[in-house]
Amino acid sequence: MAESLVLVTGAAGFLGSHLCDALLAKGHQVVGVDNLSTGNLENLAHLKNESRFIFEQRDITQPFDIGKVDYVFNFASPASPVDYIRLGIETLLVGSAGTLNTLEIAKKHSAGYLHASTSECYGDPLVHPQVESYWGNVNPIGPRSVYDEAKRFSEAAVAAYQRYHGVNTHLVRIFNTYGPRLQPRDGRLISNLMMQALRREPLTIYGDGSQTRSFCYCSDLIDGILLLAKSDEHNPVNIGNPEEFTILECAQEVQAVAGSRSEIVYKPLPQDDPMRRRPDITRARDLLGWSPKVGLREGLERSMEYFTACIENENARV
Ligand code: UDP
């Protein structure tokens with residue numbers, strides 16, 4: 001990617017905002033759009049005097065055109081299970097109409113296109129670790145289906161715009177990612193545990209904590225995405241950290257980093273909660289020369305300052 005004008009949807013979100021920062025650091029001009037349904041302008045506050053960045057509040061489920069762009073990164077969607085289950089219809093719409101509208105922009109302006117897909121395309125996987133050629137085990141009508149099926153529809157739409165219209169598309173399947181700017185109240189594992197540990201409250205584990213996830217630090221993920229964006233690869237590529245932890249092990253890591261001895265309380269496992277998740281990153285390694293550098297312990301340490309500031313903000317508001 002030469003220096004260019006880039007559209008980022010979902011720009012006020014956790015990953016969208018980190019992506020805007022990385023693109024600006026590479027010298028690009030960025031137009032960030034977000035309807036702020038789950039995004040937070042605080043994530044972009046540091047860019048208010050950045051002349052190469054423009055923010056537009058808009059809902060991408062309505063057709064739009066911001067004029068000539070060279071590249072489109074489609075990152076708009078509620079992404080935490082709590083949020084997408086609360087915003088079910090909105091999630092279906094952004095992952096269908098929203099994706100089609102952004103693909104139309106890429107087609108019209110002959111722009112490159114990268115879509116933020118997800119390990120949720122694999123559902124509760126029967127193949128472990130998950131390779132891109134695995135088609136998944138998704139409940140099409142369960143509570144998570146509003147997200148999983150919208151993301152799967154988006155992949156079909158992205159593949160079709162490449163096949164029928166020759167758009168230069170890219171599909172990243174993002175595995176669990178964490179770091180500063182995760183919304184402290186989004187209900188996800190790392191945000192819940194970090195906030196609970198710092199407040200010296202009990203840590204909530206759903207089920208018996210034996211289910212697994214593989215956690216990627218945000219800067220590693222963004223590095224992989226930027227490499228994929230400038231590659232010639234159109235098929236899905238997993239980007240994630242293959243180091244796999246049980247949820248209980250993850251809670252112990254958080255306790256160690258936060259210096260907390262909070263007790264653990266067990267809550268019911270949500271319906272269709274995947275039992276295990278770990279990316280096979282052979283394709284990312286071979287195609288992009290990418291692999292993650294930051295382990296869970298180090299990433300949690302790097303996130304401490306942010307979550308501590310979230311607690312201080314909370315206390316200031318009380
Ligand atoms: N989880 C948990 N306690 C929490 C939040 C989540 O035990 O306070 C579990 C959840 O049931 C799942 C895993 O942690 O097995 C990861 O959940 P998250 O919501 O972060 O994302 P997911 O990977 O399910 O999309």
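The values are calculated or read from the model by the stated rules, or taken from the named source; none is laboratory data. Being a predicted model, the structure only gives us computed values, none of them experimental. Heads up, the Cβs are rebuilt from the backbone with ideal geometry, glycines too, and the neighbour counts pull from every protein chain shown. Areas reflect the complete protein model, heavy atoms only, side chains present, ligands, DNA and RNA absent. Shrake-Rupley method; radii C 1.70, N 1.55, O 1.52, S 1.80 Å.
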The range 276-308, residues that are open to solvent by 70 Å² or more (accessible area, probe 1.4 Å) and closer than 30 Å to residue 259 by Cβ: 276, 278, 293, 297, 298, 301, 302, 305
It is to be established whether one or more residues within the range 59-81 are surrounded by fewer than 24 Cβ atoms within 10 Å (Cβ to Cβ) and within 16 Å of the ligand (Cβ to nearest atom). yes
Checked the range 207-218 for anything touching a residue at least 60 places away in the same chain (Cβ under 8 Å) and either away from the ligand (no atom under 16 Å from the Cβ) or at positive phi (or both); matches are 207
Any residue in the range 98-110 that is more than 27 Å from residue 217 (Cβ to Cβ) and part of a loop (DSSP other than H, G, I, E, B)? yes
Residues being of a type in the set (Asp, Glu), under 16 Å from residue 208 (Cβ atoms) and surrounded by 13 or more Cβ atoms within 10 Å (Cβ to Cβ): count how many of those fall in the range 255-274. 1
If we scan the range 251-266, do we find a residue that is among the small types (Gly, Ala, Ser), within 18 Å of the chain's Cα centre (by Cα) and either more than 9 Å from the ligand (Cβ to nearest atom) or under 29 Å from residue 20 (Cα atoms) (or both)? no
Is it the case that the range 184-194 has a residue that's away from the ligand (no atom under 11 Å from the Cβ) and of a type in the set (A, V, I, L, M)? no
Output the residue which, of all residues in the range 158-178 that are open to solvent by 10 Å² or more (accessible area, probe 1.4 Å) and under 19 Å from the mean Cα position of the chain (by Cα), is farthest from the ligand (Cβ to nearest atom). 173
Please count how many residues of the range 19-36 are in contact with a helix residue (DSSP H, G or I) (Cβ under 6 Å, 6 or more places away or on another chain) and surrounded by fewer than 23 Cβ atoms within 10 Å (Cβ to Cβ). 1
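Each row is one residue, and each column tells you yes or no for (1) among the small types (Gly, Ala, Ser); (2) in contact with a helix residue (DSSP H, G or I) (Cβ under 8 Å, 6 or more places away or on another chain); (3) farther than 25 Å from residue 232 by Cβ.
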site: 104; (1), (2), (3): no, no, no
site: 119; (1), (2), (3): yes, no, no
site: 122; (1), (2), (3): no, no, no
site: 125; (1), (2), (3): no, no, yes
site: 128; (1), (2), (3): no, no, yes
site: 146; (1), (2), (3): no, yes, yes
site: 159; (1), (2), (3): yes, no, no
site: 194; (1), (2), (3): no, yes, yes
Over 23 Å from residue 162 (Cα atoms), open to solvent by less than 20 Å² (accessible area, probe 1.4 Å), in contact (Cβ under 8 Å) with a residue 12 or more places away in the chain and within 18 Å of the chain's Cα centre (by Cα): is that true of residue 43 in this structure? yes
Exactly one of 221, 228 is open to solvent by less than 20 Å² (accessible area, probe 1.4 Å), more than 16 Å from the ligand (Cβ to nearest atom) and of a type outside the set (Gly, Ala, Ser), and that residue is 228
Checking the conditions here, which among 50, 56, 3 is touching a residue at least 24 places away in the same chain (Cβ under 8 Å), assigned to a strand (DSSP E or B) and surrounded by fewer than 18 Cβ atoms within 10 Å (Cβ to Cβ)? 56
The helices (runs of 4 or more DSSP H) lying entirely within the range 136-240 that contain at least 2 residues which are of a type outside the set (D, E, K, R) and over 30 Å from residue 300 (Cα atoms) are 145-165
All positions within the range 233-248 that are touching a Leu at 6+ places or on another chain (Cβ under 9 Å) and within 14 Å of the ligand (Cβ to nearest atom): 240, 241, 245, 247
Reported set for the range 82-97 where residues are open to solvent by less than 60 Å² (accessible area, probe 1.4 Å) and in a helix (DSSP H, G or I) is 83, 84, 88, 91, 94, 95, 96, 97
For the list (1) farther than 18 Å from residue 115 by Cβ; (2) in a loop (DSSP other than H, G, I, E, B); (3) not polar (S, T, N, Q), I need the number of the one condition that residue 63 fails. (1)
